[in-house]
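Undergrad: First the structure, then my questions, so here it is.
The values are calculated or read from the model by the stated rules, or taken from the named source; none is laboratory data. Source: prediction; values computed, not measured. Here Cβ is always computed from backbone atoms with ideal geometry, including for glycine, and neighbour counts include all displayed protein chains.
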Amino acid sequence: MATELVEVKVLGVTIDPTNNQTVVILKEIDSDRVLPIWVGPFEAGAIAMAIEGIKPPRPIAYDLMSDILQIFDLNVVKVIIESLKDGVFYAQIVISQNDREEYLDCRPSDSIAIAVRLLAPIYVKRDLFESSSVSFIKKEINDEEEETKKFKDFIKNLKPSDFKWH
């Protein structure tokens, strides 16, 4: 039986006000559930630049890797966030060429930074998503500042007990 996957998209990158660490928020495509993944500031910046369409004057490592993959006709099939061990998320990036497909161990932040550049789908194993995600209810808000404040409050109020740690 194949492992069930949940497709997610990058909702945004923010700073956790409780510890000033950067967080990537992954949102399930068809629900209000989100999975926060704490990442380094460089990786968060690289992800934010890609989702905002910002091109640096010189390529950063993720741009270079994406270019290499494209030049050599290597396709990023998908990214899979697969486990959480001792508070650390683990991922795989799936690369294909012709009929060959390889699963490579990868940090979630690196795989997400490449996936957003190459428009590859991002998945989380269903059991991991169900045990580690939280509900995020977004109401229709006309004032963008109010929406930003509510999102920051949501992040600020996240606590370790909101997640089931393995």
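Undergrad: Does I68 satisfy the criteria of being surrounded by fewer than 12 Cβ atoms within 10 Å (Cβ to Cβ) and of a type in the set (A, V, I, L, M, F, W, C)?
TA: Against the criterion (surrounded by fewer than 12 Cβ atoms within 10 Å (Cβ to Cβ) and of a type in the set (A, V, I, L, M, F, W, C)), I68 qualifies.
Undergrad: Next up: State all residues of segment 63-74 that are touching a residue at least 12 places away in the same chain (Cβ under 8 Å) and in a helix (DSSP H, G or I); if no residue qualifies, say none.
TA: Once the filter is applied, which keeps residues that are touching a residue at least 12 places away in the same chain (Cβ under 8 Å) and in a helix (DSSP H, G or I), segment 63-74 yields D63, M65, S66, L69, Q70.
Undergrad: Counting just the residues of segment 22-40 that are more than 18 Å from Y90 (Cα to Cα) and loosely packed, with under 14 Cβ neighbours inside 10 Å, which one comes out nearest to the chain's Cα centre (by Cα)?
TA: So, considering only residues that are more than 18 Å from Y90 (Cα to Cα) and loosely packed, with under 14 Cβ neighbours inside 10 Å, the one nearest to the chain's Cα centre (by Cα) is I29.
Undergrad: Of the conditions (1) surrounded by 15 or more Cβ atoms within 10 Å (Cβ to Cβ); (2) touching a residue at least 40 places away in the same chain (Cβ under 8 Å), G87 clears all except one; give me its number.
TA: (1) is the only condition that G87 fails.
Undergrad: Right, here's the next one. Exactly one condition in (1) in contact with a strand residue (DSSP E or B) (Cβ under 7 Å, 6 or more places away or on another chain); (2) outside any strand (DSSP E or B); (3) at pLDDT 95 or above is false for D127; which is it?
TA: The one condition D127 does not meet is (1).
Undergrad: Looking at segment 100-124, I want the residues that are under 12 Å from S66 (Cβ atoms) and part of a helix (DSSP H, G or I) and have a partner that is at pLDDT 95 or above and of a type in the set (F, W, Y) with Cβ atoms under 7 Å, at least 6 apart or on another chain. Which pairs are those?
TA: Hits for this filter: A113/Y62; I114/Y62; R117/Y62.
Undergrad: Count, please, the residues in segment 1-52 that happen to be free of Cβ contacts under 8 Å to residues at least 60 places away in the same chain, in a strand (DSSP E or B) and not aliphatic (A, V, I, L, M).
TA: Within segment 1-52, residues that are free of Cβ contacts under 8 Å to residues at least 60 places away in the same chain, in a strand (DSSP E or B) and not aliphatic (A, V, I, L, M) number 3.
Undergrad: Name the single residue, out of those in segment 53-62 being among the aliphatic types (A, V, I, L, M) and in a loop (DSSP other than H, G, I, E, B), that is farthest from S111 (Cα to Cα).
TA: Once the filter is applied, the top-ranked residue is I54.
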